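The structure under discussion appears below in the form of structure tokens.
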Amino acid sequence: MEPLPVVWFTVIAVLWIGYLLLEGFDLGVGMHMIFSTRSERDRRVMLNTIGPVWDGNEVWLITAGAALFAAFPAWYASLFSALYVPLTITLVGLIVRAVGIEYRGKVATQRWRDVWTWMIGLGSLIVAFCIGAALALTSTGLPIDANGDRVGGPFVWLTVPAVLGGLAVVGFALAHSATFLGLKADGPVRERAGRFAARWAPLCLVPAAAWALWVQFSHGGSALAWTFIVLAVVGAVFGGVSAHGRREGLAFTGYAAFGLFGAGAVFAGMFPLVLPSTVDAAFDLTVWNASNSPYTLGVMTVVAAVALPVILLYQGWSYWIFRARVRPGSIPEAHIVLPAVLRADARPVR
């Protein structure tokens, strides 16, 4: 039994969990922008809490997809071909959200800002739902045949597990981002986020808990997976109690622990499967029959051992540099900034 496929399954699980934890809160902030407040200043406070980090968080998604392609090409091919519709929608959501973040402040009119606020919020919602649906399906199964090809039409993926997984990631993003805003923002945004984390966040975590339990009962979860389930419950309870006590750092830690151990339970519960077939169990993809050659995995291991620590240190440094709270007083009034070529006092270049 080769150990490297197991190692790379673990690496990919860590990358996906890292993406859910980091991108989770900035997707949630995007969704909070469209329903938590109508104040322009508060929306700008919320956007500035994720401004320095949101694009760096998306690197985890790219890295997870690249690692999946290189380490488990059969898993990658079957998953991406079967889910080309939701993954294309995900790509559109990522583009719309990124353009909204960059364009929102370019014109100082309320209509312009409102349009791009909704683009950020809806793009965040679409990405969270589709990523959750894709991860849920890779843990519960897709109709694939002996060649790993999809059996059925382009929307055969739209099942109860897919909807449950989508709601799970959306709910977790909303809860996780509420505690993040409690840590990073001040003023009215902080107060509203604290109330949401205490009242509504526990309810938002229910779909994620149901997804994790579905995987355990479907695949006969291991002792490790059930241990993670218990730790996830402890994290959720700890986070909820801390949120009620307005201990924002502990609330963030508790809900993050729920996401960490809950997602860990999903990956531990599905192991050694990587993509079950709902057509015939004989067509299941596992870490053994879907992995690349030992030589390829060995080269990838050496590269990852050098590159990943550098990436983690750099991203940790960026979070440390931008650790201060964003306060309403630090947000200037919206104003039009003319480019230098249009300014009346601009001198011609000679």
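The values are calculated or read from the model by the stated rules, or taken from the named source; none is laboratory data. Not measured: the values here are computed from a predicted model. In this analysis, Cβ positions are derived from the backbone assuming ideal geometry, glycine residues included, and neighbour counts consider all displayed protein chains. For the accessible areas, the whole protein counts, side chains as well, though only heavy atoms, and no ligand, DNA or RNA atoms are used. Shrake-Rupley method; radii C 1.70, N 1.55, O 1.52, S 1.80 Å.
Quick look at the numbers
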read-out	value
Counted residues, the range 146-163 - those being open to solvent by less than 40 Å² (accessible area, probe 1.4 Å) and more than 21 Å from the chain's Cα centre (by Cα)	2
Among the candidates 170, 206, residue that is under 22 Å from the mean Cα position of the chain (by Cα) and surrounded by fewer than 17 Cβ atoms within 10 Å (Cβ to Cβ)	206
Filter pass, residue 126 being within 22 Å of residue 18 (Cβ to Cβ) and not basic (Lys, Arg)	yes
Residue within the range 62-74 that is in contact with a Cys (Cβ under 9 Å, 6 or more places away or on another chain) and either modelled with pLDDT of 90 or more or buried (at least 19 other Cβ atoms within 10 Å of the Cβ) (or both) present	no
Unmet criterion (only one of (1) over 30 Å from residue 4 (Cα atoms); (2) surrounded by 22 or more Cβ atoms within 10 Å (Cβ to Cβ); (3) at pLDDT below 95) for residue 42	(2)
Pairs where the first residue, in the range 179-203, is farther than 14 Å from residue 47 by Cα and the second is open to solvent by 60 Å² or more (accessible area, probe 1.4 Å) and part of a helix (DSSP H, G or I), C-beta under 7 Å, 6+ apart	198/244
Of all residues making up the range 247-283, the number that are open to solvent by 30 Å² or more (accessible area, probe 1.4 Å) and in a loop (DSSP other than H, G, I, E, B)	6
Extreme residue, surrounded by the fewest Cβ atoms within 10 Å (Cβ to Cβ), among residues of the range 209-218 that are of a type outside the set (Ser, Thr, Tyr) and in contact (Cβ under 8 Å) with a residue 60 or more places away in the chain	214
